[in-house]
Protein chains: 4
Amino acid sequence: MKKINVGVIGTGRIGKLHLENLSVSIPSAEVLAVADIFLEGAEEMAEKFGVKTVTRDYKEILSDKDVEAVVICSPTDTHAQYTIEAAEAGKHIFCEKPLDLSLDKIREVLDVIEKTGVKLMMGFNRRFDPNYAKVQQMVRDGKIGEPHILTITSRDPSPPPAEYIAVSGGMFLDMTIHDFDMARFVVGSEVSEVYAKTNVLVDQVFKEAGDVDTAVTVLHFENGAIGSIDNSRKAVYGYDQRLEVFGSEGMVKIDNNTHDTHTLFNKEGSQGSLPLDFFMDRYLESYAIEMEAFIDSLINDNDVPVPGMDGLISVAIGLAAKKSARENRPVKLNEIL
Amino acid sequence: MKKINVGVIGTGRIGKLHLENLSVSIPSAEVLAVADIFLEGAEEMAEKFGVKTVTRDYKEILSDKDVEAVVICSPTDTHAQYTIEAAEAGKHIFCEKPLDLSLDKIREVLDVIEKTGVKLMMGFNRRFDPNYAKVQQMVRDGKIGEPHILTITSRDPSPPPAEYIAVSGGMFLDMTIHDFDMARFVVGSEVSEVYAKTNVLVDQVFKEAGDVDTAVTVLHFENGAIGSIDNSRKAVYGYDQRLEVFGSEGMVKIDNNTHDTHTLFNKEGSQGSLPLDFFMDRYLESYAIEMEAFIDSLINDNDVPVPGMDGLISVAIGLAAKKSARENRPVKLNEIL
Amino acid sequence: MKKINVGVIGTGRIGKLHLENLSVSIPSAEVLAVADIFLEGAEEMAEKFGVKTVTRDYKEILSDKDVEAVVICSPTDTHAQYTIEAAEAGKHIFCEKPLDLSLDKIREVLDVIEKTGVKLMMGFNRRFDPNYAKVQQMVRDGKIGEPHILTITSRDPSPPPAEYIAVSGGMFLDMTIHDFDMARFVVGSEVSEVYAKTNVLVDQVFKEAGDVDTAVTVLHFENGAIGSIDNSRKAVYGYDQRLEVFGSEGMVKIDNNTHDTHTLFNKEGSQGSLPLDFFMDRYLESYAIEMEAFIDSLINDNDVPVPGMDGLISVAIGLAAKKSARENRPVKLNEIL
Amino acid sequence: MKKINVGVIGTGRIGKLHLENLSVSIPSAEVLAVADIFLEGAEEMAEKFGVKTVTRDYKEILSDKDVEAVVICSPTDTHAQYTIEAAEAGKHIFCEKPLDLSLDKIREVLDVIEKTGVKLMMGFNRRFDPNYAKVQQMVRDGKIGEPHILTITSRDPSPPPAEYIAVSGGMFLDMTIHDFDMARFVVGSEVSEVYAKTNVLVDQVFKEAGDVDTAVTVLHFENGAIGSIDNSRKAVYGYDQRLEVFGSEGMVKIDNNTHDTHTLFNKEGSQGSLPLDFFMDRYLESYAIEMEAFIDSLINDNDVPVPGMDGLISVAIGLAAKKSARENRPVKLNEIL
């Protein structure tokens, strides 16, 4: 069996998860090396999953002739540089989103990818979640006819720490960016205009950071469909992740994944389980499927399912939403791109 | 037992329903007279429910000393005039919505109501539907804390006839007006700004009438909450009527009412029942409760639960939405009022 | 339009409901007379629904030449006698269940029915409930293939008064009898053997009356299917009425009808509505459809949908269940019939 | 951190799963050796999870001084012998169910366990499934008051191969045994009497093997509760695993786990996802939690959560059910034990 030799850069929370999936669940991948500036954590992981090379310096991985692909899970502000260097070293790349918060920087990266001819896949894992994948497939298969209305509910269980908020790029680029990608994915058409209405209702820490915590965003798609996304940074009942596409021949929606399926009936009413409240629990399966899709596209030399351009467009929609909220007017995407 | 003597003006579809509720379900109401220019239908109803007086001319009802209240179910363009005449005749009034499509006309009616001191209740029946009433009560009781986000899904099963569309006032004043009223009702705050994105995706007949059939409308409330309403004139799977309010301490939502509660599981999947597909089936119970509330407020000399001002504001929001869609920009309500 | 002239005997809770349905919802029925030994209640009803004749004596109805059909809603111990007399007077009969608690007595009634040639319909209203009717139709249409397993959950919201228990005939003849009828109806095959395991877990008042309050009953059907019914006299969360049929090609089930469709999500979990808690709320619609079916079969001179024999068999299954519980062994139905 | 050194005997389907869980998910376990008569499969697993010793002969594991505990996943007819030998070698034991199909043999094993003082845990994995565990916890916490009625639906997606049926011990010992264990677990009381009604409705292959494929089993518990289990060997819509406990203060139930959470609404109705259709998908999580519980009880020297006696009782209930079905009468458990 052909195997792809992989290096993992960054062994934080998400890096560990990719490492485990590559090591345990994907027989056609072999992790040769891991890198992290916090060497100890990387060493622990390496031992657990039988990875031979551990290093503080990602460049060691890039210069390792045997490594064919890298998985970049380091902090956001390193994504663009590492991706460019990896591409120039001839490695295929899986990179966590976003590539960067600047469109110019992203374009620079995409130029390098194009020149070097390596594959670049963006880590929009939710596309591989069985729920979202099912909706997309049903829409694509015409089960609801022509899509007319999209509604996305996307609410975090609790706000991130203040220091994170400060460098996050704002709710649209940090949180809604997933919904923007999902919107394009399930509707199957590009966004042409964005209108965002925002507020700070959850915590004044967002205001202090020049950010917001509550938003409703309207998307206009090139095929005429209209979308609505509602976001909050704090849903006390868990991680609320739902989506619905309405069309000429029907409607398909997905509900949250819950802790369990119990319902209790007593004098007070019926009580059920809540949505899962941590994104890694909720989307656990999607990460495994996503990584398998990346490795498969390398094995079979196919196009990756989420190319770098998807990263560019999501950031552009996020920037349009920010501008719309600030100026309280609809913003056309070509004002941004 | 004290009884209120009622006259019903208009015995079309909705008039019949009010007549039946008044006659059969509300012991404290007595229908003395019905009027309709189509006398035959009125006579049939009168016989069925033991109403003594039947007439072509609503003025006969207004001049009947024994009649204390009238229920106006005649065509929309007669609402304002009949309401004014009834008020001047000293009758309490239940009037189907809208009072009129012109804010000036509505204001004129409200002035007469104020001068004459009669009670005027608007027929926003959905407020009395057990589902919506439950949500409103829960929000009011603080079950979800402060409301942050409202989402309403409101989709008709099929478009009305072209001749109806022509005189309907457009989707916002004909269909979404219910959702505007509901939005204010459940959020418990006034709308300050409206943004509407619309399209014609269902049927070109709407375009020809200068109307739309698909819309997403964003509402900004004075308390800071943000709302989103999505509308379509054609949901092939039935009358899709859902609502959700999200707040600082939780979220409450209501689902559709279905034909039955069955689920079939076979090789193909699980199949369940569809939403009811006719508004009178869906909202049947609400009409009875609404009329009982009207009669109760007369019996006990209380304020009516849906005064004329609610009719004015809903039309104003509708006009703002129309303007917003036309000019593709958010419109503040005080541009309209 | 042809109309059936009807007399209603007994204007208690269920009699009032039938009277209202006949008067308001069924244009092809005309109620000519009502009888009740409590004359006052009957008079009130007669006035409300425009019934001309009111009497203490049901025999007046039976001797009224214009009356074509009677609806018997008097106490259980009068059913057999009134039915016999009505048949001998040439009236068609709708009779509330059970005809009697003695198989011999029921057979005597059925003999008279046969001789006189009138129609007799038993008031097994649940067959006309949209949920149960849907299941039966789906099973009959082969949607689940051959039925293999039936499960019925049937739990009352609270025990009846002690004086009622004393004369009820016991749980199997008073409460489970509905489930026995439903079992035959949806499976489409006759019961050949019954095993019942019972207990007194809710209230010792049942023990004192020689009755039980909790039971699981196993039914064996002639077509090989096996059924299970669980009953309790007290479900604190409402009137729990569910059913499921499992077969070679699928499964169909129905859930409870609830007060409303709301779900509240907060830190504690998700909370929803409870089942309706009063049988007349839960089965309101079924009573109207049932009565319409009776009148229709008279108008069109068709067989009634629930003939007297259905009353006989349900009682027989109930007696078999009692015997089985007492002797703790399966009892074949031909030990009883 | 203290670690338990483990040997895994049998690397078939379930052995692999335990091996993966021990290696990847349970940091306090170290797998030292695996044994399987099919050496090749064992070697492949050993390499994947970094296990040093691989052998054809389980005795090598038993004689390895460093091995503290063994996980027995070999064929059923070896369970008793391996367990005895492992106990005599001083190893703690996790054994897949059943220990044996003969009560005498099981008693012999339990005697050895008692004498040697090692811990023995039975692999009733469903107790660790989040759904079932939640129900048990809620019942134990008194959320439904005193349990009165238990209903279990347990239907396999498709029959096993004929050769498997021949040696399975029959449906009650092969399939329902899980439900018997679950019944005792969630009700929290011992079964005193069993009545089983069975049939062959799915496939004549069961009849030829002297087995059945459809059953309804009634359990009587010492605390007075009554239970009902329905089983089928073939649910075309997937692996149907549901449970409900009804009590004096409420009811709790769990529903199936589905492939995804989508619902499609179109003209034909609403369509949703089916239950998972393979037991290892459905109960995947339970296996990991179960093994963690085993290792934890060794680390902390606590009682194992599912001791050998639970294995004995489940088999006894299964034998009582077989006898009941054969003799068509309720069988008391003390006729068997």
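The values are calculated or read from the model by the stated rules, or taken from the named source; none is laboratory data. If you're wondering where the values come from, they're calculated on a predicted model, not measured in any experiment. Using ideal geometry, Cβ is built from the backbone for each residue, glycine included, and neighbour counts are taken over all protein chains shown. All accessible areas refer to the heavy atoms of the entire protein, side chains included, with ligands and DNA or RNA removed. Shrake-Rupley method; radii C 1.70, N 1.55, O 1.52, S 1.80 Å.
For segment A:94-130, a residue qualifies if it is touching a Phe, Trp or Tyr at 6+ places or on another chain (Cβ under 9 Å) and either farther than 20 Å from A:Arg184 by Cα or among the aliphatic types (A, V, I, L, M) (or both), and the qualifying residues are A:Phe94, A:Lys119, A:Leu120, A:Met121, A:Met122. Residues in segment B:290-337 that are open to solvent by 50 Å² or more (accessible area, probe 1.4 Å) and under 28 Å from B:Lys2 (Cα atoms): B:Glu292, B:Asp296, B:Asn300, B:Asp301, B:Asn302, B:Asp303, B:Pro305, B:Pro307. Considering segment B:231-263, the residues that are more than 16 Å from B:Thr176 (Cα to Cα) and among the polar types (S, T, N, Q) include one that is nearest to the other protein chains (Cβ to nearest Cβ), namely B:Thr261.
Among residues that are closer than 23 Å to C:Asp310 by Cβ and either within 14 Å of another protein chain (Cβ to nearest Cβ) or touching a residue at least 60 places away in the same chain (Cβ under 8 Å) (or both), C:Ala69 is included.
In the list C:Glu20, C:Glu30, which residue meets the criterion of being touching a strand residue (DSSP E or B) at 6+ places or on another chain (Cβ under 6 Å), closer than 26 Å to B:Ser23 by Cβ and within 14 Å of chain B (Cβ to nearest Cβ)?
Details: C:Glu20 fails: touching a strand residue (DSSP E or B) at 6+ places or on another chain (Cβ under 6 Å).
Within the list C:Glu20, C:Glu30, the selection yields C:Glu30.
The conditions of being within 26 Å of A:Gly269 (Cβ to Cβ), at pLDDT 95 or above and surrounded by 24 or more Cβ atoms within 10 Å (Cβ to Cβ) are met by C:Thr214.
Restricting attention to segment C:183-211, the residues being away from every other protein chain (no Cβ under 14 Å) and not β-branched (Val, Ile, Thr) number 8. Candidates are the residues of segment A:271-295 that are within 14 Å of chain C (Cβ to nearest Cβ) and of a type outside the set (D, E, K, R); the one that is nearest to A:Lys16 (Cα to Cα) is A:Leu276. Given the structure, is C:Ile299 out of contact with any Cys (no Cβ under 8 Å at 6 or more places or on another chain) and farther than 23 Å from C:Tyr132 by Cα? It is true that C:Ile299 is out of contact with any Cys (no Cβ under 8 Å at 6 or more places or on another chain) and farther than 23 Å from C:Tyr132 by Cα. Consider segment C:296-333 and keep the residues that are in a helix (DSSP H, G or I) and without any contact (Cβ under 8 Å) to a residue 12 or more places away in the chain. The one that is farthest from the other protein chains (Cβ to nearest Cβ) is C:Arg326.
I'd like the full set of residues that are of a type in the set (A, V, I, L, M) and over 22 Å from B:Asn125 (Cα atoms), limited to segment B:46-79. Selection gives B:Ala46, B:Val51, B:Val54, B:Ile61, B:Leu62, B:Val67. Of all residues in segment D:121-130, those satisfying the criterion of being more than 10 Å from every other protein chain (Cβ to nearest Cβ) and out of contact with any Lys or Arg (no Cβ under 7 Å at 6 or more places or on another chain) are D:Met121, D:Asn125, D:Arg126, D:Arg127, D:Phe128.
Filter segment B:50-77 for residues that are in a helix (DSSP H, G or I) and buried (at least 20 other Cβ atoms within 10 Å of the Cβ) and give the result. Matches in segment B:50-77: B:Tyr58, B:Ile61, B:Leu62.
Residues checked against (1) outside any helix (DSSP H, G or I); (2) more than 8 Å from every other protein chain (Cβ to nearest Cβ); (3) closer than 14 Å to C:Gly188 by Cα:
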residue	(1), (2), (3)
C:Tyr132	no, yes, yes
C:Gln136	no, yes, yes
C:Lys143	yes, no, yes
C:Ile149	yes, no, yes
C:Tyr164	no, yes, no
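Restricting attention to segment A:284-313, the residues being acidic (Asp, Glu) and under 11 Å from A:Met122 (Cα atoms) number 2. Of all the criteria given as (1) open to solvent by 30 Å² or more (accessible area, probe 1.4 Å); (2) in contact with an Asp or Glu (Cβ under 9 Å, 6 or more places away or on another chain); (3) among the hydroxyl-bearing types (Ser, Thr, Tyr), the one not satisfied by B:Thr258 is (2). Could you please let me know if B:Ile9 is open to solvent by less than 10 Å² (accessible area, probe 1.4 Å) and within 14 Å of chain C (Cβ to nearest Cβ)? Considered against the rule, which asks whether it is open to solvent by less than 10 Å² (accessible area, probe 1.4 Å) and within 14 Å of chain C (Cβ to nearest Cβ), B:Ile9 comes out as no.
Name the residues in segment C:272-287 that are assigned to a helix (DSSP H, G or I), surrounded by 20 or more Cβ atoms within 10 Å (Cβ to Cβ) and modelled with pLDDT under 95, would you? If the condition is that a residue be assigned to a helix (DSSP H, G or I), surrounded by 20 or more Cβ atoms within 10 Å (Cβ to Cβ) and modelled with pLDDT under 95, then C:Arg282 is the only one that fits.
Taking the numbered list (1) in contact with an Asp or Glu (Cβ under 6 Å, 6 or more places away or on another chain); (2) within 16 Å of A:Ala320 (Cβ to Cβ) in turn, A:Ala196 passes all entries but (1).
This table checks each residue for (1) in a strand (DSSP E or B); (2) without any contact (Cβ under 8 Å) to a residue 12 or more places away in the chain; (3) aliphatic (A, V, I, L, M).
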{"site": "A:Asn5", "(1), (2), (3)": "yes, no, no"}
{"site": "A:His18", "(1), (2), (3)": "no, no, no"}
{"site": "A:Pro27", "(1), (2), (3)": "no, no, no"}
{"site": "A:Ala33", "(1), (2), (3)": "yes, no, yes"}
{"site": "A:Glu44", "(1), (2), (3)": "no, yes, no"}
{"site": "A:His79", "(1), (2), (3)": "no, no, no"}
{"site": "A:Glu85", "(1), (2), (3)": "no, no, no"}
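Can you confirm whether segment D:230-245 contains a residue that is surrounded by 24 or more Cβ atoms within 10 Å (Cβ to Cβ), over 24 Å from D:Glu163 (Cα atoms) and among the polar types (S, T, N, Q)? Yes, that holds for at least one residue.
Of the residues that make up segment D:132-141, is at least one polar (S, T, N, Q) and open to solvent by 20 Å² or more (accessible area, probe 1.4 Å)? Yes - at least one qualifying residue is present in segment D:132-141.
Confirm whether C:Gly188 is at positive phi and over 21 Å from the mean Cα position of the chain (by Cα). The answer is no for C:Gly188. Based on this model, can you work out whether D:Glu268 counts as closer than 28 Å to C:Ser273 by Cα, more than 7 Å from every other protein chain (Cβ to nearest Cβ) and surrounded by fewer than 24 Cβ atoms within 10 Å (Cβ to Cβ)? Spelling it out, D:Glu268 is indeed closer than 28 Å to C:Ser273 by Cα, more than 7 Å from every other protein chain (Cβ to nearest Cβ) and surrounded by fewer than 24 Cβ atoms within 10 Å (Cβ to Cβ).
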